[in-house]
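**Q** Have a look at this one.
The values are calculated or read from the model by the stated rules, or taken from the named source; none is laboratory data. On a predicted model such as this, the values are computed, not experimentally measured, just so you know. When we count neighbours, we look across all protein chains shown, and the Cβ atoms used for this are built from the backbone with ideal geometry, even at glycine.
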Amino acid sequence: MEIAEDGFIFSDDVNKLDAQAIHDYLSNGSYWAAGIPLDTVKRAMEHSLCFGIYKDTVQVGFARWITDRATFGYLADVYVLPEYQGKGLMRKLMSLMLFHKDLQGLRRYMLSTSDAHGLYEKFGFKAIDKPENFMAVVNRDIYNIDPNSSAT
């Protein structure tokens, strides 16, 4: 899938992805993956369905679906660089992603956000029914380990 609109390219072509740019944003600009190692970003990308937004040859946005492409999809690592926000780029990418052939017919689509509920609600996302049924193991500081400290 590749669509050009208003000077931007929206694509699922893995060859266009700029792992270093994605890492730079996630590691330094996100609240959910601060300090994430580059190798971890690359591994996550290799095992996910990834989408990029590009202005000329520069990657300005990213989103990835953790999915089995049959029953479940979890949207993660979504961003648009601050200087490109407010242009409807993520709204356009969401429209394209939800019609992607590998995301059709899934039983559950999920995501977690602290600040973009309004965007995702436009695409049918809502608070989880029976949140008490869901469980998680969360390692909040997994990327902020002090290499000089000794584990006991």
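**Q** Could you list, in sequence order, the residues of the stretch 31-51 that are surrounded by 14 or more Cβ atoms within 10 Å (Cβ to Cβ) and within 22 Å of Tyr109 (Cα to Cα)?
**A** Trp32, Ala33, Val41, Ala44, Met45, Ser48, Leu49, Cys50, Phe51
**Q** Then there is this: If I go through the stretch 41-56 residue by residue, how many of them are of a type in the set (Val, Ile, Thr) and free of Cβ contacts under 8 Å to residues at least 40 places away in the same chain?
**A** Within the stretch 41-56, residues that are of a type in the set (Val, Ile, Thr) and free of Cβ contacts under 8 Å to residues at least 40 places away in the same chain number 1.
**Q** Search the stretch 10-24 for residues that are under 15 Å from Asp56 (Cα atoms) and touching a residue at least 60 places away in the same chain (Cβ under 8 Å) and pair each with any residue that is assigned to a loop (DSSP other than H, G, I, E, B) and of a type outside the set (D, E, K, R) when their beta-carbon atoms are under 9 Å apart and the residues are at least 6 apart or on different chains.
**A** From residues that are under 15 Å from Asp56 (Cα atoms) and touching a residue at least 60 places away in the same chain (Cβ under 8 Å), the pairs are Phe10/Met1.
**Q** Quick one: would you say Ile9 is among the aliphatic types (A, V, I, L, M) and either surrounded by fewer than 14 Cβ atoms within 10 Å (Cβ to Cβ) or not in a helix (DSSP H, G or I) (or both)?
**A** yes
**Q** Could you figure out which of (1) exposed (fewer than 13 other Cβ atoms within 10 Å of the Cβ); (2) within 27 Å of Asp24 (Cα to Cα) isn't true of Trp65?
**A** It is condition (1) that Trp65 fails.
**Q** Please verify whether Leu93 is within 21 Å of Ser30 (Cβ to Cβ) and surrounded by 14 or more Cβ atoms within 10 Å (Cβ to Cβ), treating the condition exactly as stated. Full working, then the answer.
**A** Details: within 21 Å of Ser30 (Cβ to Cβ): yes; surrounded by 14 or more Cβ atoms within 10 Å (Cβ to Cβ): yes.
In short, yes.
**Q** Which ones in the stretch 28-41 are within 13 Å of the chain's Cα centre (by Cα) and modelled with pLDDT of 95 or more?
**A** If the condition is that a residue be within 13 Å of the chain's Cα centre (by Cα) and modelled with pLDDT of 95 or more, then Val41 is the only one that fits.
**Q** Something else now. What tally of residues in the stretch 19-48 results from selecting those that are assigned to a helix (DSSP H, G or I) and of a type in the set (Phe, Trp, Tyr)? Walk me through it before giving the result.
**A** Residues of the stretch 19-48 assigned to a helix (DSSP H, G or I): 19-29, 38-46.
In the following step, the residues that additionally are of a type in the set (Phe, Trp, Tyr) were identified as 25.
Final tally of qualifying residues: 1.
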